[in-house]
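Heads up: the structure comes next, in structure tokens.
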Amino acid sequence: MKTRLLAAMAAGALCLSAMAPVQAQGADWPAKPLRLLVGSAPGGGTDAMARAVADKLGPLLKQTVVVENKPGASNTLAADLAAKSSDGHTMVMGVSTAHAIAPHLLKLGYDNDRDLVPVVFVGAVPNILVVNDQMPVKSVQELIALLKRKPGEYNFASSGSGSTQHIAAELFKDATGVQMTHIPYRGSGPALVDLMGGQVQIAFETASSVIPHIKSGKVRALAVLSARRNPQLPDLPTMAEAGVRGVEMSAWYGIYMPSGTPAAVQTRIHDAVNGILAQPDTQARLLAIGADINPMSQEQFAQFHKSENQRYAGIIKKNNISVE
């Protein structure tokens with residue numbers, strides 16, 4: 001009897017010991033600085049989103065939030081590190097490139113749906129159709145007419161095969177019947193340099209990367225690929241307003257955590273970040289890079305994640321898009 005009692009006590013102690021980290025993550029979390037991983041280099045749209053959140057999240061949680069840039073593999077290197085982390089204090093600023101596009105183009109070292117959980121949607125940055133300022137067109141319809149007169153003679157730049165810029169161009173080609181040659185670059189920076197220099201003539205670049213060049217007159221904007229006009233460029237029509245329907249593209253961002261993260265921790269991050277996004281100065285900071293802030297519940301974000309994966313899987317298959 002005594003032996004059975006001691007065994008039960010030992011089993012109970014072991015059970016409590018195993019539960020302790022989970023309980024600590026709920027009640028006493030965070031117990032140390034947090035890492036917010038970013039899958040691109042400093043200065044890009046994902047980095048800007050992460051820092052706008054991290055600067056205020058730390059004081060709210062009474063812990064330091066360190067933004068760590070881990071660029072590579074279409075933003076999936078950071079997602080891979082987050083998926084495999086076990087310290088209970090690691091998050092990733094996810095982006096559609098990594099969480100809705102790459103799973104259909106790359107062999108990943110983690111399961112995009114099983115190993116990571118969508119926690120809070122941060123915002124979306126639309127793509128914008130821009131051309132070199134020497135191009136003899138000032139509207140989408142003029143561009144379509146030019147491309148049809150000279151099929152295959154003009155090039156479009158992207159930040160890489162399988163990027164939102166690339167896929168947006170494929171949607172545009174499919175919707176209009178035009179022909180363009182794809183020139184993939186290693187990032188938006190070099191792509192925009194060659195666009196402004198005339199080596200390529202067309203791009204479907206993200207607003208955060210291209211708005212400064214539009215405002216300086218170095219490139220000409222023809223349409224924004226979102227359902228509504230962008231506040232930073234109120235005179236720029238949407239693609240639908242320009243006469244081309246079904247061509248919408250945005251890079252969207254949200255915080256993901258390892259799937260084993262306790263629900264209480266997920267809720268705390270979700271509520272804290274949504275509170276930050278509601279603050280006028282945060283909104284101004286994100287609007288300055290062309291972001292559209294659209295708060296979602298965690299359940300809505302999870303459904304959005306699922307629907308975007310289905311959408312991109314269909315686009316990629318239909319247009320035979322690959323990273324080769």
Spatially proximal aspartates and glutamates relative to K56 (Cα-Cα < 20 Å; intrachain offsets below 8 disregarded): D28, D47, E68, D271, D281, D292
Give me the percent of the accessible area of the stretch 118-191 that comes from carbon and sulfur atoms, probe 1.4 Å, all protein chains in place. 46
On the Cα set of the stretch 205-271, report Rg and Dmax in Å, please. 17.4, 49
Would you please give the residues with an amide H less than 5 Å from that of E68, counting only those at least 5 places away or on a separate chain, with H modeled from the backbone geometry? L36, L37, V38
Roughly speaking, what % of Cα-Cα pairs in the chain are separated by over 38 Å, rounded to a whole number? 21
If contacts are Cα pairs under 8 angstrom and at least 6 residues apart, what is the relative contact order of the chain in percent? 25
In Å², and per residue, what accessible area does the chain have when probed at 1.4 Å with the other protein chains present? 45
How large is the Kirkwood hydrodynamic radius of the stretch 17-148, counting all unique pairs of alpha carbons, in Å? 17.2
For the stretch 233-324, the percent of accessible surface on carbon and sulfur atoms (probe 1.4 angstrom, ligands and nucleic acids excluded) is 51
Measure nothing fancy, just the Cα-based angle from helix 2-27's long axis to the longest principal axis of the chain, in degrees from 0 to 90, nearest 10. 30
Tilt relative to the chain, helix 263-277 - C-alpha long axis, 0 to 90 degrees, to 10: 40
³J(HN,Hα) computed for each position of the stretch 91-96 - Karplus, 6.51 cos²θ - 1.76 cosθ + 1.60, integer Hz, glycine/proline x: 10, 9, 7, x, 9, 3
Along the stretch 119-129, Karplus-curve 3J(HN,Hα) (6.51, -1.76, 1.60; θ = phi - 60°) to the nearest Hz, with x for Gly and Pro, reads 9, 8, 7, 9, x, 9, 10, x, 7, 10, 6
The stretch 259-313 pair-distance distribution - Cα-Cα, 10 Å bins, rounded %: 20, 39, 35, 6
Can you list residues whose amide H is under 5 Å from L116's amide H, if they're 5+ apart or on another chain and H is modeled 1.01 Å from N? S259
On Cα atoms only, tilt of 45-61 relative to the major axis of the chain in degrees: 30
Karplus-derived 3J(HN,Hα), 6.51/-1.76/1.60, for each residue of the stretch 244-255, Hz, glycine and proline x: 10, 9, x, 10, 10, 8, 9, 8, 10, 9, x, 8
Taking only the alpha-carbon atoms of the stretch 209-324, what semi-axes of the equivalent ellipsoid follow from 5 times the gyration tensor eigenvalues under a square root, in whole Å, largest first? 29, 22, 13
Set of lysines with alpha-carbon distance to K62 below 20 Å, sequence-local pairs under 8 removed: K32
Between S40, V92, T176, whose Cα lies farthest towards the positive end of the dipole of the chain when Lys and Arg beta carbons carry +1 and Asp and Glu beta carbons carry -1, centred on the Cα centre? V92
Under a straight-distance cross-link criterion of Cα-Cα below 28 Å, which lysines are reachable from K107, leaving out those fewer than 8 residues away in the same chain? K70, K84, K173, K306, K317, K318
Working out 0.36 nm times the residue gap between A272 and K84, then minus their Cα-Cα distance, what length gain in nm do you get to one decimal? 65.3 nm
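The values are calculated or read from the model by the stated rules, or taken from the named source; none is laboratory data. Every value quoted in this text rests on a predicted model; they were computed, and no experiment measured them. Every residue, glycine as well, gets a Cβ built from its backbone with ideal geometry; the counts of neighbours run over all protein chains shown. Surface accessibility is based on the protein's heavy atoms, side chains included, excluding ligands, DNA and RNA. Shrake-Rupley method; radii C 1.70, N 1.55, O 1.52, S 1.80 Å.
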